[in-house]
Amino acid sequence: MENEKRKKKKKIAVTIFLLVAATACYSMMSSGSEKDLEIRNAASASEEETETTGESADTEEGNENVQEESGGREDSEETIPQIYVDVGGAVNTPRVVCIPEGARVFEAIEAAGGVSADAETKYINMAAECADGEKIYVPNQEEMAAAQNGEDTEGLFASEMEEQTGGNAQEEDGTVNINTATSDELQTLDGIGPAMASRIIEYRQTNGNFTSVDDLGNVSGIGEKTLEKLRPHVSV
(Lines give C-alpha, C1' and ligand atoms only; values in the text may rest on other atoms or scores of the structure.)
Protein backbone atom coordinates (compact mmCIF):
# COMPACT_ATOMS: atom_id res chain seq x y z
CA MET A 1 0.00 0.00 0.00
CA GLU A 2 2.76 2.25 0.91
CA ASN A 3 4.46 1.58 -2.40
CA GLU A 4 1.33 2.44 -4.29
CA LYS A 5 1.00 5.72 -2.39
CA ARG A 6 4.59 6.61 -3.20
CA LYS A 7 3.99 5.79 -6.87
CA LYS A 8 0.91 8.02 -6.93
CA LYS A 9 2.81 10.90 -5.32
CA LYS A 10 5.59 10.41 -7.83
CA LYS A 11 3.11 10.53 -10.74
CA ILE A 12 1.49 13.66 -9.32
CA ALA A 13 4.90 15.31 -8.89
CA VAL A 14 5.92 14.42 -12.45
CA THR A 15 2.61 15.71 -13.77
CA ILE A 16 2.98 18.98 -11.87
CA PHE A 17 6.55 19.36 -13.16
CA LEU A 18 5.46 18.77 -16.72
CA LEU A 19 2.65 21.29 -16.37
CA VAL A 20 5.01 23.91 -14.95
CA ALA A 21 7.57 23.22 -17.68
CA ALA A 22 4.90 23.43 -20.40
CA THR A 23 3.59 26.68 -18.96
CA ALA A 24 7.11 28.17 -18.82
CA CYS A 25 7.83 27.12 -22.42
CA TYR A 26 4.54 28.60 -23.65
CA SER A 27 5.27 31.84 -21.78
CA MET A 28 8.73 32.07 -23.31
CA MET A 29 7.42 31.34 -26.81
CA SER A 30 4.63 33.93 -26.48
CA SER A 31 7.07 36.51 -25.19
CA GLY A 32 9.46 35.77 -28.09
CA SER A 33 6.66 36.05 -30.64
CA GLU A 34 5.53 39.37 -29.20
CA LYS A 35 9.10 40.65 -29.28
CA ASP A 36 9.53 39.45 -32.84
CA LEU A 37 6.27 41.14 -33.76
CA GLU A 38 7.39 44.34 -32.08
CA ILE A 39 10.72 44.19 -33.91
CA ARG A 40 8.99 43.54 -37.23
CA ASN A 41 6.50 46.36 -36.61
CA ALA A 42 9.32 48.72 -35.66
CA ALA A 43 11.28 47.80 -38.78
CA SER A 44 8.21 48.26 -40.98
CA ALA A 45 7.48 51.65 -39.40
CA SER A 46 11.09 52.68 -39.92
CA GLU A 47 10.91 51.70 -43.60
CA GLU A 48 7.64 53.60 -44.08
CA GLU A 49 9.12 56.67 -42.38
CA THR A 50 12.20 56.44 -44.60
CA GLU A 51 10.05 56.18 -47.75
CA THR A 52 7.85 59.07 -46.61
CA THR A 53 10.91 61.17 -45.84
CA GLY A 54 12.39 60.32 -49.24
CA GLU A 55 9.14 61.20 -51.01
CA SER A 56 8.90 64.47 -49.10
CA ALA A 57 12.49 65.30 -49.98
CA ASP A 58 11.85 64.46 -53.64
CA THR A 59 8.68 66.58 -53.61
CA GLU A 60 10.46 69.51 -51.99
CA GLU A 61 13.34 69.19 -54.44
CA GLY A 62 10.87 69.02 -57.34
CA ASN A 63 9.07 72.11 -56.06
CA GLU A 64 12.38 73.93 -55.74
CA ASN A 65 13.28 72.95 -59.30
CA VAL A 66 9.88 74.14 -60.56
CA GLN A 67 10.27 77.40 -58.66
CA GLU A 68 13.77 77.84 -60.05
CA GLU A 69 12.58 77.15 -63.59
CA SER A 70 9.55 79.40 -63.14
CA GLY A 71 11.71 82.08 -61.61
CA GLY A 72 14.11 81.76 -64.52
CA ARG A 73 11.31 82.27 -67.01
CA GLU A 74 10.00 85.28 -65.11
CA ASP A 75 13.47 86.78 -64.93
CA SER A 76 13.91 86.13 -68.65
CA GLU A 77 10.59 87.81 -69.45
CA GLU A 78 11.36 90.74 -67.20
CA THR A 79 14.68 91.38 -68.89
CA ILE A 80 13.09 91.84 -72.36
CA PRO A 81 12.61 95.62 -72.84
CA GLN A 82 9.14 96.67 -73.95
CA ILE A 83 8.22 99.53 -76.29
CA TYR A 84 4.96 101.34 -77.02
CA VAL A 85 3.68 101.87 -80.56
CA ASP A 86 0.54 103.72 -81.67
CA VAL A 87 -1.26 101.67 -84.33
CA GLY A 88 -4.10 103.40 -86.17
CA GLY A 89 -6.04 103.52 -89.41
CA ALA A 90 -7.54 100.43 -91.02
CA VAL A 91 -6.94 97.99 -88.16
CA ASN A 92 -9.55 96.16 -86.10
CA THR A 93 -8.57 97.71 -82.76
CA PRO A 94 -6.69 101.02 -83.19
CA ARG A 95 -4.75 101.56 -79.99
CA VAL A 96 -1.35 101.93 -78.33
CA VAL A 97 0.23 98.48 -78.10
CA CYS A 98 3.03 97.25 -75.85
CA ILE A 99 5.40 94.92 -77.72
CA PRO A 100 8.94 93.58 -77.15
CA GLU A 101 11.81 95.74 -78.32
CA GLY A 102 12.86 94.66 -81.80
CA ALA A 103 9.33 93.58 -82.81
CA ARG A 104 8.31 94.11 -86.44
CA VAL A 105 5.51 96.20 -87.93
CA PHE A 106 3.37 93.13 -88.65
CA GLU A 107 3.59 92.14 -84.97
CA ALA A 108 2.43 95.59 -83.85
CA ILE A 109 -0.49 95.40 -86.29
CA GLU A 110 -1.40 91.91 -85.02
CA ALA A 111 -1.38 93.28 -81.46
CA ALA A 112 -3.96 95.84 -82.64
CA GLY A 113 -6.25 93.09 -83.90
CA GLY A 114 -4.88 92.83 -87.43
CA VAL A 115 -5.86 94.82 -90.51
CA SER A 116 -9.47 95.41 -91.45
CA ALA A 117 -11.03 94.17 -94.69
CA ASP A 118 -10.56 97.47 -96.57
CA ALA A 119 -6.91 97.99 -95.55
CA GLU A 120 -4.31 98.82 -98.18
CA THR A 121 -0.96 97.41 -97.05
CA LYS A 122 1.08 97.09 -100.24
CA TYR A 123 3.08 100.22 -99.43
CA ILE A 124 3.73 99.28 -95.80
CA ASN A 125 6.96 97.49 -94.95
CA MET A 126 5.64 94.81 -92.61
CA ALA A 127 9.16 93.56 -91.86
CA ALA A 128 10.44 96.93 -90.60
CA GLU A 129 11.56 97.09 -86.97
CA CYS A 130 9.35 99.17 -84.68
CA ALA A 131 10.69 102.04 -82.60
CA ASP A 132 9.43 103.18 -79.22
CA GLY A 133 6.83 105.93 -79.60
CA GLU A 134 6.36 105.23 -83.30
CA LYS A 135 3.07 105.85 -85.12
CA ILE A 136 2.00 103.13 -87.57
CA TYR A 137 -0.90 104.15 -89.77
CA VAL A 138 -2.59 101.62 -92.06
CA PRO A 139 -4.57 103.40 -94.80
CA ASN A 140 -7.71 102.02 -96.34
CA GLN A 141 -8.04 101.66 -100.09
CA GLU A 142 -10.04 104.87 -100.50
CA GLU A 143 -7.46 106.92 -98.59
CA MET A 144 -4.60 105.49 -100.63
CA ALA A 145 -6.36 106.24 -103.92
CA ALA A 146 -7.09 109.78 -102.76
CA ALA A 147 -3.46 110.34 -101.72
CA GLN A 148 -2.09 109.04 -105.01
CA ASN A 149 -4.51 111.15 -107.03
CA GLY A 150 -3.66 114.27 -105.06
CA GLU A 151 -7.18 114.71 -103.74
CA ASP A 152 -7.84 116.58 -100.50
CA THR A 153 -7.96 114.12 -97.60
CA GLU A 154 -8.82 116.84 -95.06
CA GLY A 155 -5.81 115.90 -92.97
CA LEU A 156 -7.16 112.44 -92.14
CA PHE A 157 -4.45 110.60 -93.99
CA ALA A 158 -1.83 112.79 -95.69
CA SER A 159 0.16 113.64 -92.53
CA GLU A 160 0.35 110.01 -91.39
CA MET A 161 1.47 108.80 -94.81
CA GLU A 162 4.01 111.54 -95.43
CA GLU A 163 6.98 109.19 -94.91
CA GLN A 164 5.41 106.47 -97.06
CA THR A 165 4.39 108.61 -100.01
CA GLY A 166 6.99 111.36 -99.60
CA GLY A 167 6.97 114.88 -98.22
CA ASN A 168 9.11 118.02 -97.88
CA ALA A 169 10.51 117.41 -101.38
CA GLN A 170 11.20 121.07 -102.19
CA GLU A 171 14.98 121.51 -102.34
CA GLU A 172 16.85 124.74 -101.62
CA ASP A 173 17.51 125.24 -105.31
CA GLY A 174 13.77 125.07 -106.03
CA THR A 175 13.81 121.60 -107.56
CA VAL A 176 11.48 118.79 -106.51
CA ASN A 177 13.09 115.66 -105.10
CA ILE A 178 11.42 112.82 -107.01
CA ASN A 179 12.40 110.31 -104.29
CA THR A 180 10.45 112.05 -101.51
CA ALA A 181 7.78 114.08 -103.31
CA THR A 182 4.11 113.51 -102.61
CA SER A 183 1.54 113.32 -105.37
CA ASP A 184 0.67 116.99 -104.78
CA GLU A 185 4.32 118.05 -104.98
CA LEU A 186 4.90 116.09 -108.17
CA GLN A 187 1.87 117.74 -109.73
CA THR A 188 3.50 121.15 -109.30
CA LEU A 189 5.79 120.07 -112.14
CA ASP A 190 4.73 121.04 -115.65
CA GLY A 191 3.18 118.07 -117.47
CA ILE A 192 2.66 115.92 -114.36
CA GLY A 193 -0.97 115.16 -113.50
CA PRO A 194 -2.52 112.87 -110.86
CA ALA A 195 -2.13 109.70 -112.96
CA MET A 196 1.53 110.38 -113.80
CA ALA A 197 2.33 111.34 -110.20
CA SER A 198 0.80 108.05 -109.10
CA ARG A 199 2.97 106.11 -111.57
CA ILE A 200 6.14 107.89 -110.39
CA ILE A 201 5.37 107.02 -106.75
CA GLU A 202 4.49 103.44 -107.65
CA TYR A 203 7.71 103.05 -109.64
CA ARG A 204 9.99 104.17 -106.78
CA GLN A 205 8.12 102.03 -104.25
CA THR A 206 8.44 98.98 -106.49
CA ASN A 207 12.00 99.51 -107.74
CA GLY A 208 13.55 101.62 -105.00
CA ASN A 209 14.59 105.26 -105.11
CA PHE A 210 15.61 106.90 -108.35
CA THR A 211 19.40 106.99 -108.65
CA SER A 212 19.36 109.74 -111.28
CA VAL A 213 16.89 112.02 -113.02
CA ASP A 214 17.36 109.89 -116.15
CA ASP A 215 15.54 107.03 -114.36
CA LEU A 216 12.30 108.98 -114.84
CA GLY A 217 12.48 107.79 -118.43
CA ASN A 218 11.68 104.28 -117.14
CA VAL A 219 8.28 105.42 -115.84
CA SER A 220 5.46 104.57 -118.20
CA GLY A 221 4.26 107.68 -120.04
CA ILE A 222 7.43 109.75 -119.64
CA GLY A 223 9.13 110.07 -122.97
CA GLU A 224 12.31 111.84 -124.01
CA LYS A 225 10.65 115.20 -124.53
CA THR A 226 8.87 115.14 -121.18
CA LEU A 227 12.09 114.09 -119.44
CA GLU A 228 14.03 116.99 -120.95
CA LYS A 229 11.31 119.38 -119.86
CA LEU A 230 11.39 118.03 -116.31
CA ARG A 231 15.15 117.76 -115.95
CA PRO A 232 15.82 121.37 -114.77
CA HIS A 233 13.06 121.16 -112.17
CA VAL A 234 13.70 117.77 -110.49
CA SER A 235 16.46 116.20 -108.40
CA VAL A 236 17.26 112.95 -106.56
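The values are calculated or read from the model by the stated rules, or taken from the named source; none is laboratory data. In this text, all values refer to a predicted model and were calculated from it rather than measured experimentally. Every residue, glycine as well, gets a Cβ built from its backbone with ideal geometry; the counts of neighbours run over all protein chains shown. Keep in mind that these areas ignore ligands, DNA and RNA; they rest on the heavy atoms of the full protein, side chains included. Shrake-Rupley method; radii C 1.70, N 1.55, O 1.52, S 1.80 Å.
Selection of the range 196-217 for residues being outside any loop (DSSP other than H, G, I, E, B) and either in contact (Cβ under 8 Å) with a residue 60 or more places away in the chain or closer than 20 Å to LYS122 by Cβ (or both) yields MET196, ALA197, SER198, ARG199, ILE200, ILE201, GLU202, TYR203, ARG204, GLN205, THR206, ASN207.
Residues in the range 195-236 that are among the aromatic types (Phe, Trp, Tyr) and in contact with a Ser or Thr (Cβ under 9 Å, 6 or more places away or on another chain): TYR203 only.
The C-beta contact set for the range 179-195 (first residue among the hydroxyl-bearing types (Ser, Thr, Tyr), second residue in a helix (DSSP H, G or I) and open to solvent by less than 50 Å² (accessible area, probe 1.4 Å), distance under 6 angstrom, 6+ apart or interchain) comprises THR182/THR165; SER183/GLN148; SER183/ALA197. Annotation note: of GLY88, GLY113, the sole residue that is open to solvent by 30 Å² or more (accessible area, probe 1.4 Å) and either of a type in the set (Asp, Glu) or over 14 Å from the mean Cα position of the chain (by Cα) (or both) is GLY113. Please specify each residue of the range 91-110 satisfying the condition of being closer than 11 Å to CYS130 by Cα, surrounded by 15 or more Cβ atoms within 10 Å (Cβ to Cβ) and in contact (Cβ under 8 Å) with a residue 24 or more places away in the chain. Those that are closer than 11 Å to CYS130 by Cα, surrounded by 15 or more Cβ atoms within 10 Å (Cβ to Cβ) and in contact (Cβ under 8 Å) with a residue 24 or more places away in the chain: ILE99, ALA103, ARG104, VAL105, ALA108, ILE109.
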